[in-house]
Structure formats: C-alpha cells, structure tokens
Amino acid sequence: MPFGEQPAYLRVAGDLRQKIVDGVLPPHTRLPSQARIREEYGVSDTVALEARKVLMAEGLVEGRSGSGTYVREQPVPRRIARVGFHAVGGCTPFRQEQTDERVRGTWESSSEQEAASSAVAGRLRIPPGGRVMRTRYLFRAEGEPAMLSTSWEPLEVTGRTPVMLPEEGPLAGRGVVERMAAIDVVVDNVIEEVGARPALAEEAMALGGVPGHAVLVISRTYFAGGRPVETADIITLADRYRVAYHLPVK
C-alpha cells in the first residue's frame, strides 16, 4: 500500500468523524444509514458497515436497539490529581486517589482475605499463594462513579494488627500511610505506572461506561524501606478523566 493511502472504510470513517468533531453531526443525531453512506461515498455495503464499526469502537456513536446509530455526547474530561504518598494527617482513601481538594468524594468498599495470585505476589515480593487482604473500592466524585480500585496488603505485615482491615478498627477509612504508621511501618516511597486497556464489562457497568471502551489503569505500590506494603490497581474511564501529576522540582 503506498504511503498515505488508506482503506476505503477508514476514509469514510475519517470523514464522518470530522463531521462529528465539527458539529455537523451533533450529539444525539442519527448517523446516516448504511444505505446512505454507500450512496454518498460510492462504497460497498461492507465498507459502509466497517466505517460505522470504527466510529462505534472509538466511542463516537452508539447503537440503539430498533432505532439506529446515534452520535454520543462526549463528556468533558475531569482531572484526577496525583501527588505521591501522603504524610500522616487524616488522609482518606478518596483523598489518597484524588488529591484535588476541590472535588468532594465518597467511597464504598469490601475486604476479604485471599491467596495472592502470581502477579500480585510478584508486586508484593511474597511467595505466590501468600495470604493477602484484598479490598475493592468504588469511588464517587460529586455523587457520580469515578474510580474503581482493588488493593492488596500482605498479611505478614498487617495480619493480627489493628489495621488488618482497611475499613474497620481504630483507623478505619484512613489512607495507607497513616495506617501503616500506626503499626510502626514507615512508608517512604510510592511508584505508579499508568497504562490503558479495554474495559471489562463489569468495570464499564460500575463506572457508567460502555464495555470495550478504554480505561486508564494506575498500578500503584507503596514501599517501606524498599519493601512493598500495599499494591493496587486504580481504574477510571479514559474518555472522562485525565491523570495529572504534581512533580516537585528538587
């Protein structure tokens, strides 16, 4: 294929995409039918269908049963602020994940002991099958679902201590740094990696998105003296949120 030449379905999708971006096809407008696309662009039914599939995969349009395909209203991205680990002083799990003080948030959680998978064990540097406390969170910002998080803490660190259950006991609802400090574990470093992947169906449902659309995944691990004491995956919809890091100049 010569440089710059695109398959017909991508050229059609690109033209329709530009019309959506320019407002020629505003939100909630019905996308031209497959027959109309075929006639307007002089392409086959297969090309017209593939072009529509591209726009659907990009999250620009959505199918409505028995009605057709419509332009989706695109959300204005909100910011998730990240600043690294927090000092002792009442940091809640929501503030641990969203440090923008202007954003009001709540969370729901559930904790359960389990055997660490090989992936989690590798992140925590414990043997596969080692016992961990897994806690799942749903965070809401201004009442709307914003983030999912699953965290794992090695029970060889927190087991049989007052902070074994993150949302119960004397420090229920505090952040990792403060809880660990209560058992004389001083968190001194945190590493985060940001990636993207298609959303799982249950993730999209919990966050109010569409299955298969992209999510951002922040994989975070807290360390105390070089030892991992908590690791977590924070998940949010890529089209609704941007992750902003505040990096101090040293």
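In contact with a helix residue (DSSP H, G or I) (Cβ under 8 Å, 6 or more places away or on another chain), surrounded by fewer than 16 Cβ atoms within 10 Å (Cβ to Cβ) and at pLDDT 95 or above: does that describe V186? Answer is yes for this residue.
Which one is surrounded by the most Cβ atoms within 10 Å (Cβ to Cβ), of the residues in region 15-66 that are within 21 Å of P211 (Cα to Cα) and of a type in the set (G, A, S)? In this case the residue turns out to be A51. F94 meets each of the listed conditions (1) in a helix (DSSP H, G or I); (2) modelled with pLDDT of 95 or more; (3) open to solvent by less than 50 Å² (accessible area, probe 1.4 Å) apart from (2).
Summed over region 220-249, residues that are among the small types (G, A, S), open to solvent by less than 40 Å² (accessible area, probe 1.4 Å) and out of contact with any helix residue (DSSP H, G or I) (no Cβ under 8 Å at 6 or more places or on another chain) total 3.
A quick yes/no check of all residues on (1) in a strand (DSSP E or B); (2) farther than 30 Å from R104 by Cα; (3) touching a residue at least 40 places away in the same chain (Cβ under 8 Å):
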| position | (1), (2), (3) |
| --- | --- |
| I20 | no, yes, yes |
| V24 | no, yes, no |
| R36 | no, yes, no |
| E39 | no, yes, no |
| A48 | no, yes, no |
| L55 | no, yes, yes |
| G59 | no, no, yes |
| T69 | yes, yes, no |
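Of all residues in region 109-142, which are open to solvent by 50 Å² or more (accessible area, probe 1.4 Å) and closer than 24 Å to P75 by Cα? Across region 109-142, the qualifying residues are R140, E142. Condition (residue is touching a Phe, Trp or Tyr at 6+ places or on another chain (Cβ under 6 Å) and of a type in the set (A, V, I, L, M, F, W, C)) applied to region 193-215: is it met by at least one residue? Checking region 193-215: not a single residue is touching a Phe, Trp or Tyr at 6+ places or on another chain (Cβ under 6 Å) and of a type in the set (A, V, I, L, M, F, W, C). When A119 is tested against (1) part of a loop (DSSP other than H, G, I, E, B); (2) of a type outside the set (D, E, K, R); (3) modelled with pLDDT of 95 or more, just one condition goes unmet, and that condition is (1). Is there any pair linking a residue in region 203-232 that is in contact (Cβ under 8 Å) with a residue 24 or more places away in the chain and of a type in the set (G, A, S) to one that is assigned to a helix (DSSP H, G or I) and open to solvent by 30 Å² or more (accessible area, probe 1.4 Å), with Cβ under 9 Å and at least six apart or on different chains, and which? What qualifies is G212/A57; G212/A201; S219/R123.
Taking the condition within 23 Å of A199 (Cβ to Cβ), touching a His at 6+ places or on another chain (Cβ under 6 Å) and modelled with pLDDT under 90, does G63 pass? Considered against the rule, which asks whether it is within 23 Å of A199 (Cβ to Cβ), touching a His at 6+ places or on another chain (Cβ under 6 Å) and modelled with pLDDT under 90, G63 comes out as no. Of all the residues in region 97-108, those that are open to solvent by 50 Å² or more (accessible area, probe 1.4 Å) and assigned to a strand (DSSP E or B) number 3. Suppose we filter V210, V163, V177 for residues that are open to solvent by 30 Å² or more (accessible area, probe 1.4 Å) and among the β-branched types (V, I, T); which single one remains? Exactly one of V210, V163, V177 is open to solvent by 30 Å² or more (accessible area, probe 1.4 Å) and among the β-branched types (V, I, T), namely V210.
Here V157 qualifies as open to solvent by less than 80 Å² (accessible area, probe 1.4 Å), more than 25 Å from L216 (Cα to Cα) and either within 13 Å of the chain's Cα centre (by Cα) or touching a residue at least 12 places away in the same chain (Cβ under 8 Å) (or both).
The values are calculated or read from the model by the stated rules, or taken from the named source; none is laboratory data. Predicted, not measured: the structure shown is a model, and the values here were computed from it. Ideal geometry is used to build each Cβ from the backbone, glycine not excepted, and the neighbour counts take in all protein chains shown. To get the accessible areas, we keep the full protein, side chains included, count just its heavy atoms, and leave off ligands, DNA and RNA. Shrake-Rupley method; radii C 1.70, N 1.55, O 1.52, S 1.80 Å.
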